[in-house]
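**Student:** Would you mind keeping the following structure in view while I ask a few things?
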Amino acid sequence: MRIIPFLLSLLSTAALIFFLDNQWGQLPPLGKFLSPQHGIWQNAEPVDKSYTDDLSLPGLKERASVYFDEYLVPHVYANSEVDACYIQGYLHAKFRLWQMEFQTFAAAGRLSEVLGPGEDDRILRYDRSMRRLGMVDAAEKALAKIEEDSTTKKDCDAYTEGVNDYIRHMKAGELPLEYKLLNYRPEPWSNLKIALFIKYMAFDLAGADNDFEMTNAKSIFSREDLAKLYPAVIDSADPIIPKGTHFLPPHFQPKPPATADSLYFNNRDTLTAREMKPEKSNGSNNWAVSGKKTLSGRPILCNDPHLSTNLPAIWYQMQIRTPGYNVYGVSFPGAPYIVIGFNDSCAWGVTNAGRDVRDYYAIKFKDNTRQEYWFNNAWRTTERRRIDTFRIKGRPDVYDTVAYTVFGPVMYDPSFNGFANATSDHSYAVHWKAADSSNELATFGRLQSATSYDDYKSALSHFKCPGQNFVFASKSGVTAIWQQGEFPAKWKGQGLYVMPGEDSSYMWQGNIDSTENPNMIDPDRGFVSSANQVPVDTSYSYFLGSDFPPYRGLLINRKLAQMNSITPADMMKLQTENYDVFAEMAKPLLLRNIQESKLDETGKGYLNQFKLWQLRNDPGEQGPVIFKYWWTHLQEEIFDDEFAKSSLPLMRPFESTLLEALLKDTAYSFIDNVNTPEKETLQQVVTTAFLRSVPDLINAGKYDKLAWGKFKDTWARHLLRLPALSRMHLPIGGGTHCINAAKQFHGPSWRMIVQLTDRTEAYGVYPGGQSGNPGSPFYDTFVDSWAAGKYYPLWVMDMGEIRDKRIKWTMHLKPGNQ
Amino acid sequence: MKFLISTLLIVLLSFLSGLYLPWWGVALAAFLVSVLVPQRPGLSFLSGFLALFILWALLAWGMDASNNSILSAKIAQILPLGGSSFLLILITAIVGALVGGGAALTGSYLQKKRVVEE
């Protein structure tokens, strides 16, 4: 034995193994990662892999079967609702484990744990924002409410057990790829994680406001200018409940505080915090047409929720049959039940209400310890102080102290200013509807077995936040829509800006009674619809805020009013409609004001193309690109001079605001450039904006980006934003103002059409696939069809069809130990 | 002959270790075989290297083929290997081979001196 070479060799081999067993920067632990029996090769599923299996599952009560069709959509047959939830948890985990856990990490402000702090601490700042907003508290409160309800408690327990039974018996090779890339392992699932996921959706859909930007705008602009830049009403909007509908006098009238003018509307304080915000255009379309407008004589219901077009997709498609219901639709990996879908009696779908349910209060602390704050003429001790621990990959832990006031947690203070680099001397507490306790899951649980309008209405009563427009249609012929949620009754202007937090007078005074929520059943016009537009006209008794996009709703209502003898195929055409109503209104205005004589030959060429454009945002069209540049530069020409004077966070007026202003008043005061002695005209700015677009268009042409589809560049993007795991450059048209609202990383996340004939005829598609594994052929099954506007028939399988050739694999499940 | 036996034993034992142990079980396998089947250090190293190279390359190649390279093409962009599945398999094999070789070499020094000097 030679001791020195032995030791040398031992040490270097051990060092090599150590190196290969650990992550170095972005480099995964290569030994673990590449070992064919442990690492990523195990995720390279054989393309002809069989999902047929016989499983004994400890949490199952009775025998059950799962039939997988050719698209890997499971058709679950269970003898009880609890077993159905258990199997749903098991399947979600089997096909989507990483995504469902990752989303709850995002909800709980724990992304730094697995991703590290990020460039410029962006990920850590995101995490701190989520914790300070009170996401974990909100989830804990929701969990208490979920567990008060014996049905949702049983269902969630079963779901969680299903997830955990999968995790417990998962082989090393079955660990999803992303865990291997980032070098961590899944935690046990829990009902709290379900609640966290629900709150994540609440954040995504009801976590947006512009209070800070508007507060700064109030300090810079006169009241008159503010009304011009941020008007409360969009004239062209066609509300969900048609104009002219009569509303009863309000149950409750909130009173503005006596100091509203002096301390609030005329207050000129500014602030520097930059907020984290969810995607602005989380929106959606839904509608239901009555049988008198359809060829079959039965209602058709359609829904396409607009969310981030992620891979793995946010939705997982399934059919679930129990003695209590037979339901088909899409579920959220991370929560039990079908969220959007239909059963043997009726169908339902949702769009976001977009009401402002998050407000801020300026808090005056006694000193830097932030133990006491001034409230109702006395120093009051903070209700609670929470110390948050942030575990950060590759760095020591970080601690954050969050003070709680009567309004809610202190979101921004001298120790945390969101994404701003400047620190703030001031403190702001947040009050958010989603932090109140509620059990939204109960709504979906009960919709699954709904058979009538009354069932639908009572299911909705559990839904508080995020406010949604629930559209409904039944085989008995009913069509209905409710804007459902618990909405604070605000006095006019309440919560538009940061409010004084020194006494109770600015707090929310009560909720709008749920019977007063906008709703409609079987209207004479033969359809109900919503597309995130303003729900009602100004005769409604309550203050609504102003952030409601008008154009998709306008076109949907125009088209539906004209259509008759409607078939599902007509509805497919409507859902994938690329016509742009915003452009329809803006184009004549631009053409009326362009001074053609100032253009050179190249410019005239582009202008001519724009003139010929038929207002459709199809992927091959160049018109939308010319329009996009032109309008963007026009906004800059009009607003840059006023807005660039301030370095504070500000919000530019909405596109619809500028368009309406210019249509009404060609001498709109902001047209004038305040930095020049002369007074600019609309013709001048429209022409300058066009001239500025020409070099952009020439440049776009050089990079083959002149066609709208290439310019817009839609992706189905992996949650870690890795191009290799994404589907890039999808040839799809549409855009923000189109019914087919496909943007770059965002769009119709599930298109569904349900015709409520005796045997339901339904179609659907989403930009993803049933498997979350990038190594599976089912990872992106539906993406190309989705981009092309094609649909798949949604097959509600009957027990008599188990030998149907569409069934590819069967999982037989029985209770017992694995 | 010894070389062949040693190499084949490492292949077999490494594969079995993969069923029960973490990925570094292959190092134990190569080490053990190298202690039990005495060879000169250079040859021991080569046995371990070749055994793991062959085992990991074959396993990876097999799984890649039945997967139509769906996954390897993606991983070979992340790592980054220009999207080449072949390079990913090669690197996999080399990583295994280095560990196998190093472990086998270490084992060879544990033998009695006379055996080593044969």
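The values are calculated or read from the model by the stated rules, or taken from the named source; none is laboratory data. A quick note: this is a predicted structure, and the numbers were derived from the prediction, not measured. Cβ coordinates were reconstructed from backbone atoms using ideal geometry, including for glycine residues, and neighbour counts include every protein chain displayed.
**Student:** I need the full set of residues from the range A:1-40 which are facing another protein chain (nearest Cβ under 7 Å), part of a helix (DSSP H, G or I), surrounded by 21 or more Cβ atoms within 10 Å (Cβ to Cβ) and in contact (Cβ under 8 Å) with a residue 12 or more places away in the chain, in order please.
**Tutor:** Result: A:20, A:31, A:40.
**Student:** Here's another thing I want to ask about it. Grab the strands (runs of 3 or more DSSP E) fully contained in the range A:723-767, keeping just those with 1 or more residues being more than 16 Å from residue A:282 (Cβ to Cβ) and more than 14 Å from chain B (Cβ to nearest Cβ).
**Tutor:** Here the list reads A:727-730, A:751-755, A:761-765.
Residue-by-condition table, conditions (1) assigned to a helix (DSSP H, G or I); (2) of a type outside the set (A, V, I, L, M, F, W, C); (3) touching a residue at least 12 places away in the same chain (Cβ under 8 Å):
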{"residue": "A:186", "(1), (2), (3)": "no, yes, yes"}
{"residue": "A:195", "(1), (2), (3)": "yes, no, yes"}
{"residue": "A:201", "(1), (2), (3)": "yes, no, yes"}
{"residue": "A:205", "(1), (2), (3)": "yes, no, yes"}
{"residue": "A:213", "(1), (2), (3)": "yes, yes, yes"}
{"residue": "A:219", "(1), (2), (3)": "yes, yes, yes"}
{"residue": "A:225", "(1), (2), (3)": "yes, yes, yes"}
{"residue": "A:231", "(1), (2), (3)": "no, yes, yes"}
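**Student:** So in the range A:41-58, with the set limited to residues that are part of a loop (DSSP other than H, G, I, E, B) and within 33 Å of the chain's Cα centre (by Cα), which one is nearest to the other protein chains (Cβ to nearest Cβ)?
**Tutor:** Filtering the range A:41-58 for residues that are part of a loop (DSSP other than H, G, I, E, B) and within 33 Å of the chain's Cα centre (by Cα), the one nearest to the other protein chains (Cβ to nearest Cβ) comes out as A:44.
**Student:** Count, please, the residues in the range A:166-189 that happen to be touching a helix residue (DSSP H, G or I) at 6+ places or on another chain (Cβ under 6 Å) and more than 30 Å from residue B:76 (Cα to Cα).
**Tutor:** 2
**Student:** In the range B:85-111, what residues are β-branched (Val, Ile, Thr), more than 8 Å from every other protein chain (Cβ to nearest Cβ) and farther than 11 Å from residue B:50 by Cα?
**Tutor:** If the condition is that a residue be β-branched (Val, Ile, Thr), more than 8 Å from every other protein chain (Cβ to nearest Cβ) and farther than 11 Å from residue B:50 by Cα, then B:89 is the only one that fits.
**Student:** If I ask for residues that are out of contact with any Asp or Glu (no Cβ under 8 Å at 6 or more places or on another chain) and either more than 24 Å from residue A:776 (Cα to Cα) or among the hydroxyl-bearing types (Ser, Thr, Tyr) (or both), which ones from the range A:68-113 would you list?
**Tutor:** Matches in the range A:68-113: A:71, A:77, A:84, A:104, A:106, A:107, A:108, A:113.
Okay, residues lined up against (1) aromatic (Phe, Trp, Tyr); (2) out of contact with any Leu (no Cβ under 7 Å at 6 or more places or on another chain); (3) modelled with pLDDT under 95; (4) under 23 Å from residue A:527 (Cα atoms):
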residue	(1), (2), (3), (4)
A:472	yes, yes, no, yes
A:477	no, yes, no, yes
A:480	no, yes, no, yes
A:485	no, yes, no, yes
A:489	no, yes, no, no
A:497	yes, yes, no, no
A:506	yes, yes, no, no
A:512	no, yes, no, no
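**Student:** Moving on to the next point. Just to be sure, is residue A:773 assigned to a loop (DSSP other than H, G, I, E, B), under 19 Å from the mean Cα position of the chain (by Cα) and not β-branched (Val, Ile, Thr)?
**Tutor:** No; evaluated as a whole, the condition is false for this residue.
**Student:** Residues of the range A:661-675 being surrounded by fewer than 20 Cβ atoms within 10 Å (Cβ to Cβ) and either among the aliphatic types (A, V, I, L, M) or within 28 Å of the chain's Cα centre (by Cα) (or both), which ones?
**Tutor:** Once the filter is applied, which keeps residues that are surrounded by fewer than 20 Cβ atoms within 10 Å (Cβ to Cβ) and either among the aliphatic types (A, V, I, L, M) or within 28 Å of the chain's Cα centre (by Cα) (or both), the range A:661-675 yields A:661, A:663, A:667, A:674.
**Student:** Would a scan of the range A:618-634 turn up a residue that is polar (S, T, N, Q), more than 26 Å from the chain's Cα centre (by Cα) and surrounded by 19 or more Cβ atoms within 10 Å (Cβ to Cβ)?
**Tutor:** yes
**Student:** Just checking, how many residues over the range A:70-109 are under 22 Å from the mean Cα position of the chain (by Cα) and of a type in the set (S, T, N, Q)?
**Tutor:** 3
**Student:** Test residue A:359 against the stated conditions and say whether it is surrounded by fewer than 20 Cβ atoms within 10 Å (Cβ to Cβ) and at pLDDT 95 or above.
**Tutor:** Judged against the criteria, residue A:359 is not a match.
**Student:** Next up: Please find, within the range B:15-24, the residue that is surrounded by the fewest Cβ atoms within 10 Å (Cβ to Cβ) out of those that are more than 9 Å from chain A (Cβ to nearest Cβ) and either farther than 21 Å from residue A:10 by Cα or in contact with a helix residue (DSSP H, G or I) (Cβ under 6 Å, 6 or more places away or on another chain) (or both).
**Tutor:** It comes out as B:20.
**Student:** Within the range A:246-290, which residues are exposed (fewer than 15 other Cβ atoms within 10 Å of the Cβ) and either β-branched (Val, Ile, Thr) or not in a loop (DSSP other than H, G, I, E, B) (or both)?
**Tutor:** Correct list: A:261, A:262.
**Student:** Then there's this: Residues that are in contact (Cβ under 8 Å) with a residue 60 or more places away in the chain and small (Gly, Ala, Ser): list the helices (runs of 4 or more DSSP H) wholly contained in the range A:583-696 that include at least 2 such residues.
**Tutor:** A:655-664
**Student:** In the range A:725-746, which residues are in contact with a helix residue (DSSP H, G or I) (Cβ under 8 Å, 6 or more places away or on another chain) and surrounded by fewer than 17 Cβ atoms within 10 Å (Cβ to Cβ)?
**Tutor:** If the condition is that a residue be in contact with a helix residue (DSSP H, G or I) (Cβ under 8 Å, 6 or more places away or on another chain) and surrounded by fewer than 17 Cβ atoms within 10 Å (Cβ to Cβ), then A:729, A:731, A:744 are the ones that fit.
**Student:** I need the strands (runs of 3 or more DSSP E) fully contained in the range A:367-436, keeping only those with at least 2 residues that are in contact (Cβ under 8 Å) with a residue 40 or more places away in the chain.
**Tutor:** So the answer is A:372-375, A:384-392, A:395-404, A:410-412, A:427-432.
**Student:** Taking the condition of being at the interface with chain A (Cβ under 8 Å from one of its Cβ atoms), surrounded by 19 or more Cβ atoms within 10 Å (Cβ to Cβ) and not in a helix (DSSP H, G or I), how many residues in the range B:25-68 meet it?
**Tutor:** Count: 1.
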